[in-house]
């Protein structure tokens, strides 16, 4: 199913107008269920056990910690969270890596982009240590030209400073680039910078219902991005 604003009801991605493809990782290519479970359930559970407090109190404390650095690099810095909560967050990622996987159709879409000859860059807010764990589990790196984490750029993708820095780093032409993400703030920042082709991943987690955004080409799955499909 594709959710689109009425003004673009006939919208089809014309790949002849796109030179560079910029793709988010978690919630776009990889199933965000892992991250949701990890930060909303497993880490609060272990934090509560560590401090001998009820799960709900542990979760509330962590949610407050998350909100305190939201939008900053610390928000996704696994080393920061290891130090702040007193638990080895990287080791926990490795322990639970059986939950890490592609969203349905993601690998087929990446192979399709390769057949089209389009350079593909992963642009992720994730920390490099988390990226390493996910790449080791999925082999995502073999499908793409480059993976750029937010720490290399210096900002998270929802920040306006991110996009000019990312453009200088990668050299893409915003008017001939496609960016796909599940986060509204990241898409809005890219739009403000002038990225012309924006796609919203409405089905970011296999365990949650889709959450379409009316202001973007908002899709569940990758079929609408294939030529002739």
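Taking 0.36 nm per residue of separation and subtracting the current Cα-Cα distance, fully stretching the chain between residue 12 and residue 53 would add 9.5 nm.
Each peptide in 185-197, 93-105, 56-68 gets a packing score, the mean of other Cβ atoms within 10 Å over its residues, and the list from highest to lowest is 185-197, 93-105, 56-68. Counting only alpha carbon atoms, the long axis of helix 55-68 and the longest principal axis of the chain meet at about 50°. The fewest-to-most ranking of 28, 49 by surrounding Cβ atoms within 10 Å reads 49, 28. By the beta-carbon count within 10 Å of each Cβ, the least crowded to most crowded order of 218, 175, 201, fewest first, is 175, 218, 201. The distance separating the Cα centre of the range 162-179 from that of the range 87-106 comes to 29 Å. Residues 122, 147, 53 in ascending order of nearby Cβ atoms (within 10 Å, fewest first): 53, 147, 122. Please give the helix 106-116 orientation as an angle from the longest Cα principal axis of the chain, in degrees from 0 to 90, rounded to the nearest 10. Value to nearest ten degrees: 30. Averaging 1/r across all pairs of distinct Cα atoms in the chain and inverting the result yields a Kirkwood radius of 18.3 Å.
As a test, work out the antiparallel percent of DSSP beta bridges whose residues both lie in the chain, rounded to the nearest 5.
Once the DSSP bridges in the chain are tallied, antiparallel ones form about 15 percent.
Determine the relative contact order of the range 34-98: mean sequence separation of Cα pairs under 8 Å and six or more apart, normalised by residue count, in whole percent. Over the range 34-98, the number comes to 19 percent.
Taken together, the values in this text are just the output of simple stated rules run on the coordinates, not laboratory data. The structure presented is a predicted model; accordingly, all values stated were derived computationally and were not measured. Here the Cβ is made from the backbone with ideal geometry for all residues, glycine too, and neighbour counts use every protein chain on show.
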